[in-house]
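Q: There's a structure below that I have some questions on.
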Amino acid sequence: MNSLPTPPILHGLPASGSGAAASTPGASPTFSPLYQQIKALLTQGLQAGEWKPGEMIPSEVELAGRFKVSQGTVRKAIDELAAENLVVRRQGKGTFVATHHEARAHFRFLRLMPDEGVPHHPDNKIIEVKRMRAPAEVARLLDLKSGDSVVYIKRVMSFDGTPTILEEMWLPGLLFKGLTAERLVEYKGPMYGLFESEFGTRMIRASEKIRALGADAGAAQYLGVEQGTPLLCAERVSFTYGDKAVELRRGLYLTSHHHYQNDLS
């Protein structure tokens, strides 16, 4: 397995140092704790693919030796990566790169929960998949140029045979070459798992806006409700490493038997 080189940002720091101060002309000095520097280097390794989703990363002892820091410093860095769902600790086994194929990851981005019973995955019906030029607002949110290619996806998600979610997605065309309706239909795992394994794009965080609105004629038809029925609208931009926006998703949720759940900490 390839190793990352000793980082330049650690040069000149004592192995037991707690951080580094840096300044530029006209700017106030900034302080970067040593564990944050190690966290940044580990994130670089994840982004570069040194450790693939689902693979075990080196032990804390090995990483401490590589970066010439204490094991406690490495542990603190990994604790933060675990809190951000980039890695997963498994008791007695080690630390693994998080993957969207894990059962625990499936509900990180799907927050609609049943009022009664156990949360489970909906059935998907792909309505439309096409390549198109990015509308101005889509281009702005995905940091693209207006008119750049995007992949547009529309689908209906049903729980126990009841249409509950109408979703529209826009993905950067360059990143998702070859994504077709046929591929989405034949793939049986989570959509983010497909993006991760076949397009090398892992969603690591998202920013979401939620509002209430009434169903228009199109949404009413797809969800089998009366026009004007109250719906929850969630607009989400998902990001990969480096805070790069790689997906815009707009979901309309029917909440007659479900609710939106977010655990705050």
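Q: Could you sort the peptides 226-232, 36-42, 188-194 by per-residue average Cβ neighbour count (10 Å cutoff), highest mean leading?
A: 36-42, 188-194, 226-232
Q: At 7 Å along the Cα-to-beta-carbon direction for both Ser70 and Tyr241, put a label point, then send me their distance in nm to one decimal.
A: 2.8
Q: May I pose another question? Would you work out which of Leu175, Thr162, Tyr187 lies farthest towards the positive end of the dipole of region 132-215, given +1 charges on the beta-carbon of Lys and Arg and -1 on that of Asp and Glu, about the Cα centre?
A: So the residue furthest toward the plus end is Leu175.
Q: Run the numbers for Met56 and Gln221: contour at 0.36 nm per residue of separation, minus the present Cα-Cα distance, in nm.
A: Value of the extension gain: 54.7 nm.
Q: Say R0 is 25 Å: what FRET efficiency, to the nearest 0.05, do Met113 and Ala82 get from their beta-carbon distance?
A: Between Met113 and Ala82 the formula returns 0.60.
Q: May I pose another question? Evaluate E = 1/(1 + (r/R0)^6) for Ser158 and Gln36, where r is the Cβ-Cβ distance and R0 equals 41 Å; express this FRET efficiency to the nearest 0.05.
A: Given R0 = 41 Å and the Cβ-Cβ separation, E is 0.40.
Q: While we're looking at this one, here's another question. Using only Cα atoms, what is the ratio of the radius of gyration of region 129-219 to 2.2 N^0.38 Å?
A: Dividing the Cα Rg of region 129-219 by 2.2 N^0.38 Å gives 1.18.
Q: Which net charge results when you count Lys and Arg as +1 and Asp and Glu as -1 among the other residues whose beta-carbon is under 11 Å from that of Asp143?
A: Working: positive: Arg140, Lys145, Lys244; negative: Asp148, Asp243.
Combined, the nearby Lys, Arg, Asp and Glu give +1.
Q: Hand me the tally of lysine pairs in region 112-221: alpha carbons under 23 angstrom apart, and the pair either on different chains or 8 or more positions apart.
A: 14
Values in this text are rule-based calculations from the coordinates and carry no lab data. In this text, all values refer to a predicted model and were calculated from it rather than measured experimentally. FYI the Cβ positions are ideal-geometry reconstructions off the backbone, even for glycines, and counts take in every protein chain you see.
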